[in-house]
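Following: one structure in structure tokens, then a few remarks.
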Amino acid sequence: MAMSWIWSGMVAASVLFSIWGGCTGAVAAAALEGAAAGIRLALSLAGALCLWSGLMEVLEASGLGAGLTRLLGPLLRRVFPRAGRDPRAAGYLSANVSANLLGLGNAATPMGIAAARRMRELAGSDEADDELCRLVVLNTASIQLIPATVAAARAAAGSAAPFDILPAVWVTSLASVAAGLGAAALLGRLWRGRP
């Protein structure tokens, strides 16, 4: 709700200042050009998202998803002690982590939601516990080995080497996950008054 007020205010301010400055034609042309560029970008990203989402479906159908769950099992049980031991939750979590590793935030969302629902069932409470907070942190600051969505956006914008950002993405995603998990652990202890 607040975002709709912010966007409406920005549009109204733009229109008022364009009238005041006498450049309504330029603002209208920029709005139409921006809308067309947005459609082009959305269509180019849709192709890459379909490719990687299809790859995730192939992994699941071929049984490699179960292998991935076994591979990620020790890590998931360490980060999510209760949910990592539940087969359904572990499957959702591993699919979510895999999609995030491939930089597919939109493809990771359904699995993240399914994992959060299963974790809530396991906790027996509607309140977010530490594990659910860690899941939100890992989804927000996910480690990306292959930033497919960003690379697709760079390719659509005309980049000759859309994947040349890999080292920077690896460093920043690892740092953001470490900072997020550290903050979640610290705030969890402070919230509950634990030493």
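The values are calculated or read from the model by the stated rules, or taken from the named source; none is laboratory data. Every value quoted in this text rests on a predicted model; they were computed, and no experiment measured them. Note that we place each Cβ from the backbone using ideal geometry, even for glycine, and neighbour counts take in every protein chain shown. Please note that ligands, DNA and RNA were not included when accessible areas were found on the heavy atoms of the full protein model with its side chains. Shrake-Rupley method; radii C 1.70, N 1.55, O 1.52, S 1.80 Å.
Accessible area per residue, 1.4 Å probe, Å², for the chain: what's the number?
63 Å²
Tell me the carbon and sulfur percent of the accessible area for the chain, rounded to whole percent, probe radius 1.4 Å.
71 percent
Please grab the % of Cα pairs in the stretch 76-130 that end up more than 14 Å from each other.
That fraction is 50 percent.
Quick one: pull the percentage of alpha-carbon pairs in the stretch 1-46 with a separation above 12 Å.
69 percent
Do any GluC sites (Glu not before Pro) in the stretch 76-182 lie in a loop, going by DSSP, with at most 11 other beta-carbon atoms within 10 Å of their beta carbon, and if so which?
Here the GluC sites (Glu not before Pro) that fit, given the DSSP loop and packing criteria, are Glu127.
Under the rule of -39500 (n - 2.57) per DSSP H run of 4 or more residues, summed and divided by the residues of the chain, what mean residue ellipticity at 222 nm is obtained, to the nearest 500 deg cm²/dmol?
Computed mean residue ellipticity for the chain: -27000 deg cm²/dmol.
Give me Rg/Rg_expected for the stretch 109-169, where Rg uses Cα atoms only and Rg_expected = 2.2 N^0.38 Å with N residues.
Taking the Cα Rg and dividing by 2.2 N^0.38 Å, one obtains 1.58.
For the stretch 8-99, which trypsin sites (Lys or Arg not before Pro) are both in a DSSP coil and crowded by at most 14 other Cβ atoms within 10 Å?
Sparse-neighbourhood loop trypsin sites (Lys or Arg not before Pro): Arg82.
Please give the direction-averaged projected area of the C-alpha convex hull for the chain, in square nanometres with one decimal.
15.1 nm²
Can you run phi through the Karplus equation (6.51, -1.76, 1.60; θ = phi - 60°) for the stretch 164-175 and list ³J(HN,Hα) in whole Hz, with x for Gly and Pro?
Running phi through 6.51 cos²θ - 1.76 cosθ + 1.60 with θ = phi - 60° gives 6, 8, 3, x, 5, 5, 4, 5, 5, 5, 5, 5 Hz.
What's the extension gain from Ser62 to Ser8 if we count 0.36 nm per residue and subtract their Cα-Cα distance?
Additional length available on full extension: 14.7 nm.
Please report Rg (one decimal) and Dmax (integer) in Å for the Cα set of the stretch 82-195.
According to the Cα coordinates of the stretch 82-195, Rg and Dmax are 16.1, 53 Å.
Which Cα, out of Ala28, Ser4, Ala66, lies furthest along the positive dipole direction of the chain (beta carbon charges, K/R +1, D/E -1)?
Ala66
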